[in-house]
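Computed from the coordinates by the stated procedures, all read-outs in this text should not be read as laboratory data. Here the structure is a predicted model, which is why all the values come from computation and not from measurement. Using ideal geometry, Cβ is built from the backbone for each residue, glycine included, and neighbour counts are taken over all protein chains shown.
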Amino acid sequence: MPIARQRRLHRSFFARDAIELARDLIGKTIVRRLEDGTVRRARIVETEAYIGEHDLACHAAKGRTNRTEVMFGEGGHAYVYFIYGMHWMLNIVASKPGNAQAVLIRAAEPLDGWDVNLTGPGRLAKGFSFTKADNGLDLTGPSTYLIDNGSPPPRIVKSKRIGVEYAKHWKHRLLRFHAAGSKAVSKR
DNA sequence: GCGTCGATGGCA
DNA sequence: GCCATCGACGCG
């Protein structure tokens, strides 16, 4: 058995359409170094694509505001927002500057024996301690980044995005992706 | 195991 | 007023 090569994901990986990025992020590993030096890692198993100002489920449909500003910027940065008065959501900005797309990270499987529930976007952000302070964070930087561990990509299942009933015809689009067979996929 | 409901604050 | 959610609760 050859040893799988660990490859860091660079800017070009993120500077693509959110649909492609959302698919390709399944099976990739998030790595986050905490202030005390601890490293936490998890394998992404569920994502959703939000594909621009025309997508009524995408926050960028409201135009360029203080909240959505980072989505209009360079791919590979974190778009972190607060919702329901208590939850933070981690998104990864996709595409090129001016094209406001992002991928919501909905669930992951903790690695290295880390005992935490990362099933659902609120729990995932909480587990990794993503907050307002991380909005705009470069995810190709030293503290938080993604890697491809070289393992074969999982079979991917497509479905409708969760919680976007308000988005007119956009609610029907199959823009949610998850790894087939993972027990860590959010329940709904 | 399921459906329903309340929490709680930023946002347009 | 709504929301890219979660956990608690009641059911029988």
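At most 15 other Cβ atoms within 10 Å plus a DSSP loop assignment makes a site exposed; report the longest stretch of chain A without any exposed chymotrypsin sites (Phe, Trp or Tyr not before Pro). It would help to have the intermediate numbers written out before the result.
Values: sites that count: A:Y84, A:W114, A:Y166.
By the stated rule (loop sites, at most 15 other Cβ atoms within 10 Å), A:1-83.
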*Tabulate in residue order the Karplus-calculated ³J(HN,Hα) for the stretch A:99-109, using 6.51 cos²θ - 1.76 cosθ + 1.60 with θ = phi - 60°, rounded to whole Hz; enter x for Gly and Pro.*
10, 7, 10, 7, 10, 7, 8, 9, 6, 8, 9
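Go ahead and run the numbers for FRET between A:K171 and A:M86, Cβ-Cβ distance against an R0 of 22 Å, rounding to 0.05.
Working: r = 24 Å, r/R0 = 1.10.
Efficiency computed from Cβ-Cβ geometry: 0.35.
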*asked:* Counting only helical runs of four or more DSSP H residues, what would the 222 nm mean residue ellipticity of chain A come to if each run contributes -39,500 (n - 2.57) and the total is spread over all its residues?
replied: -2500 deg cm²/dmol
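What is the dipole size for the stretch A:1-46, taken about its Cα centre, with +1 at each Lys and Arg Cβ and -1 at each Asp and Glu Cβ, in debye to the nearest 20? Show your work: numbers first, answer last.
On the way: 12 positive and 6 negative charges, 46 e Å.
With only Lys, Arg, Asp and Glu charged at Cβ, the dipole is about 220 debye.
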_What are the extents of the Cα atoms of chain A along their three principal axes, in Å, largest first?_
48, 34, 33
*If you put +1 on each Lys and Arg Cβ and -1 on each Asp and Glu Cβ, how big is the dipole of the stretch A:49-151 around its Cα centre, in Debye rounded to 20?*
400 debye
*Can you pull the three principal axis extents for the Cα set of the stretch A:122-185, in Å, largest first?*
39, 33, 20
_Springs between alpha-carbon pairs under 10 angstrom, Gaussian network model over chain A: which of A:K168, A:K126, A:K62 fluctuates most?_
A:K168
